[in-house]
Every structure is written in structure tokens, then in C-alpha cells.
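Please read the structure below before turning to the comments.
The values are calculated or read from the model by the stated rules, or taken from the named source; none is laboratory data. Everything numeric here is computed off the predicted structure, so don't read it as measured data. Positions of Cβ are backbone-derived with ideal geometry, glycine not excepted, and every protein chain shown enters the neighbour counts. Side chains are part of the model used for accessible areas, which takes the heavy atoms of the whole protein and leaves out ligands, DNA and RNA. Shrake-Rupley method; radii C 1.70, N 1.55, O 1.52, S 1.80 Å.
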Amino acid sequence: MALIVQKYGGTSVANPERIKNVAKRVAKFQAQGHQVVVVLSAMSGETNKLIALAKEIQANPDPRELDMIMSTGEQVTIGLLAMALKEIGVKARSYTGGQVKVLTDSTFTKARILSIDEANMRRDLDSGHVVVVAGFQGVDEHGNITTLGRGGSDTSGVALAAALKADECQIYTDVDGVYTTDPRVVPEAKKLDTITFEEMLEMASLGSKVLQIRSVEFAGKYKVKLRVLSSFQEEGEGTLITVEEDKKMEQPIISGIAFNRDEAKLTVLGVPDTPGIAYQILGAIAEANIDVDMIIQNVGHDDTTDFSFTVNRGDFAKAQAILEGVKNKMGAREVTGDSKICKVSAVGVGMRSHPGVASKMFKALADEGINIKMISTSEIKISVVLDEKYLELAVRVLHRTFELDQ
Ligand code: ADP
Ligand code: ASP
Ligand code: MG
């Protein structure tokens, strides 16, 4: 007998029919003698609808109240699945994050999980129930409802699996595993049987939303066996996220191409070239809880320099306003911005032992006449910032260049 945590995403619970299908799948696992904890997302599109609704009242929604609203999407699906299970004779009980108690910090809209109380779930599992938990949400020490950031149900699933020391955490979604790139952009993309945590972390952080990055971090840290599978197929092993790279096999140099449309670039021009400027600029940005991605400071000329960085597109206007204030304080010349950019990245642990990956990537982009605006590299990835209009082309070209379709 194994204890399995199964997380089903929005498309897998998009309507009553699909919820009934999930119930059948869960019942099948239980009938095989396994204990099952199910973590659910809201019906697909529902979280977006709730956010839009909030914005009709408040253009910049109050974060605490937004979490109150957003968390309701998952409350609907868990109730429906618990009913669907009961309808087919399976004992089931639904829980909100607060009822489990998934304790988080108080960073509304992107809270972090601090601890999970397993007592309720254990008791129910031991009495033969399927436990159905609302993903994406928790509760802070003051009893406020919090949410874990978009795509956060993946993290709920992995965190519950870690807390319960589950044998496996299965992420059921609308594709049958992790692919060499998003199969919706490149139909020739290939499913990977395995991918290392390291690579999956990079892919997720660089925009492959098949898994939320925090779920991968969590799984790596707590050694959760993590698998991505399709909720629409009966058969298939999906993709297993592994700790070790397979030493026996010839490693491909590049394992995948990730991309992110959600980027914006900001530049402060004519910054006095003195110690502390990076801190003055980025300190103000950090204080506003805005995540910064790529950072470039140019070589100084005439005692001034230019300083560029990228942020999430949703934070663009806020960051721009902050920089205007910083500019005036430090006597910089101008703040410019570009919110129509994207980031495309090649990821692979094989890069460590193979030089020349970057030049191959840059040549492939140059051959297509694609201009690179920013570059950043790490041991196992190379990222470029491009004009948004080149996104699909660049992803397809790089996928082909690194022979990922073979
Ligand atoms: P869910 O609602 O089940 O959480 P998501 O939409 O969050 O599903 O994630 C699944 C989607 O991730 C797929 O439909 C696919 O378009 C996208 N995706 C992006 N990159 C990849 C990749 N490398 N492999 C598989 N899917 C990917
Ligand atoms: N419903 C939430 C979202 O759309 C969480 C999730 O689906 O993982 O972001
Ligand atoms: Mg998701």
C-alpha cells in the first residue's frame, strides 16, 4: 500500500464531466489499496475571472481581499470532487487550506508555506477516506486566507506530499509530461521520460509553467518523488523528475527550451558611476516586493553609466514609478522602459561539459535576423531577451538547432 498525492490542474477539473472522470481515476487508485490525497486547482479560467472581478472594484486590488476572493475557486472544485467520489461510493472529505492547516507567512498573493498539520488528513486516510484539499491556498498565523502565487496548486501538492511523506506526488495536467519545450508552441517537441531537478528548476524559473518553480524547489528539498502526467490518458509513465542525471546514457547538451512572455525591461540612463548605485536602484525595487531578474550595468563613460534590469510585466508600471523617484534623488538622466520583450532560454546540464553552446545559439538567432537585447548565463542555461514578436520563431529555431526534435 502506498500513499499518493495527486494534484489535478484547472483543465482537468474544468467541468462536471471532467470532475467525474477525476473521481473515477482516484477511485481506481484507492481500489488498488492506496491511500490517496487529492489536491485541486480551480476550474480553468476561474482564477482569472475572479481577479478580473476584483479589478472592477479596485484597479489595484487590496492583496488581502484579493486572496479572499481568489481562494474561492478551489473551494468549489474540492466540494464538487468530494461529492463526485461519494456518488460512486468512495468515502471522501474536502478541506480548504485553512482547515488542513497549511500555515503560511502573510505575504498575500505569494505566500510561502511554513508548516502543514497532517493530523486531520491522517485520521481520514486511516478511516478509508480520500482527502481532497484545495490547492493554492493557506492561512497565516492570524487566520487570514493567503494564496501561493499563480500556479500554486503544484506547490500545495508537493508540500502535502512532503508533509505526509507520500510515496509519490503525481501532477496531472493537460499534457502527458514535461516536453523539450511547450508543445503548444512547437508541435515537434518531444516528451522527456526523465528530467533532473536542476534542469526542471531552471525550466520552471525561466517560464515553463508546467510546474510552478516553488513546487520543484520543495520536491528537491524534501526529496519528494515527483511525476508529471496527463489526466486525459489512461496509460503512460509521464515524466519523472530525478535527482541524478543518468550517467549511463549519453546526455544531450540541451534538454529543453523555456520561454517567458511576461517580461519587461527598465533602464536608468546617465547614472553617476559611484559606489552604491546598484543598491540604491535595486534596493528601492526590492522594498516594493518586486522580483528582479536579469541585471546589466554597462561600462561607465564620463563618470556615468546605464543600468538595466528586467521585471515581471505586471510590475512594470510600479517599477517605473519607483525609478522616477530614484532618478531624481541620485541625479540620473532618464528612465526608459520596454514592456514588449520576452526571454528565451536553452537549458541543459550537458552544457557543463560542452563549450560553444552560446555561440551556436547566437548564430542561430542571427541567421534569422533576431536581435538580442540582453544575455545572461549560468552553468546550465543561456537566456536571451528579445523583442516579443520573435518569441515563437526563436523557440522553434533553437529547438531545431539543438536537435530536440530528433
Ligand atoms: P494545470 O492547469 O494543469 O496546472 P498549466 O497550464 O499550469 O496546467 O501547465 C500545463 C501547460 O504547461 C501545458 O498545457 C503547456 O502548454 C505548458 N508548458 C510549458 N512548457 C512546457 C513543457 N516544457 N512541457 C510541457 N508543458 C509545457
Ligand atoms: N488556480 C490557481 C491559478 O490559476 C492555482 C493553480 O491553478 O495552480 O493560478
Ligand atoms: Mg499549473
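Points worth noting:
- For the range 377-400, the candidate set comprises residues that are β-branched (V, I, T) and within 12 Å of A358 (Cβ to Cβ); within that set, the residue that is most open to solvent (accessible area, probe 1.4 Å) is T377.
- Pair list, Cβ < 7 Å and 6+ apart or interchain, from the range 71-95 residues that are farther than 19 Å from G149 by Cα and polar (S, T, N, Q) to residues that are open to solvent by less than 10 Å² (accessible area, probe 1.4 Å) and part of a helix (DSSP H, G or I): S94/I78; S94/A82
- Residue among L201, L206, L240 that alone is within 25 Å of R400 (Cα to Cα), free of Cβ contacts under 8 Å to residues at least 40 places away in the same chain and either surrounded by 23 or more Cβ atoms within 10 Å (Cβ to Cβ) or more than 15 Å from ligand 3 (Cβ to nearest atom) (or both): L201
- Filter result (among the polar types (S, T, N, Q) and either open to solvent by 10 Å² or more (accessible area, probe 1.4 Å) or more than 14 Å from ligand 2 (Cβ to nearest atom) (or both)) within the range 7-29: T11, N15, N21
- Residue check for K360: open to solvent by 20 Å² or more (accessible area, probe 1.4 Å), in contact with a helix residue (DSSP H, G or I) (Cβ under 7 Å, 6 or more places away or on another chain) and farther than 30 Å from A319 by Cα: yes
- Verdict on K7 being away from ligand 1 (no atom under 16 Å from the Cβ) and either in contact with a His (Cβ under 6 Å, 6 or more places away or on another chain) or closer than 17 Å to Y172 by Cα (or both): no
- Where a residue in the range 178-189 is within 19 Å of R227 (Cβ to Cβ) and its partner, wherever it lies, is aromatic (F, W, Y), with Cβ under 6 Å and at least six apart: A189/Y179
- If you go through the range 149-166 and keep only what is buried (at least 24 other Cβ atoms within 10 Å of the Cβ) and within 13 Å of ligand 1 (Cβ to nearest atom), you end up with G152, S153, D154, T155, S156, G157, V158.
- Verdict on D174 being among the acidic types (D, E), over 18 Å from Q75 (Cα atoms), within 16 Å of ligand 1 (Cβ to nearest atom) and open to solvent by 10 Å² or more (accessible area, probe 1.4 Å): yes
- In the range 107-122, residue nearest to ligand 1 (Cβ to nearest atom) [restricted to those that are part of a loop (DSSP other than H, G, I, E, B) and among the charged types (D, E, K, R)]: K110
- Residue tally, condition surrounded by fewer than 20 Cβ atoms within 10 Å (Cβ to Cβ) and either within 10 Å of ligand 1 (Cβ to nearest atom) or in contact (Cβ under 8 Å) with a residue 60 or more places away in the chain (or both), over the range 226-236: 3
- Only a single item in (1) in contact with a His (Cβ under 9 Å, 6 or more places away or on another chain); (2) surrounded by fewer than 22 Cβ atoms within 10 Å (Cβ to Cβ) is not met by T181, and it is number (2).
- For the range 209-225, residues that are closer than 27 Å to R25 by Cα and open to solvent by 80 Å² or more (accessible area, probe 1.4 Å) total 4.
- Residues in the range 188-213 that are away from ligand 1 (no atom under 13 Å from the Cβ) and within 18 Å of V5 (Cβ to Cβ): 1 in all.
- Whichever residue in the range 31-49 is surrounded by fewer than 18 Cβ atoms within 10 Å (Cβ to Cβ) and either within 16 Å of ligand 1 (Cβ to nearest atom) or acidic (D, E) (or both) and, among such residues, is nearest to E17 (Cα to Cα): S44
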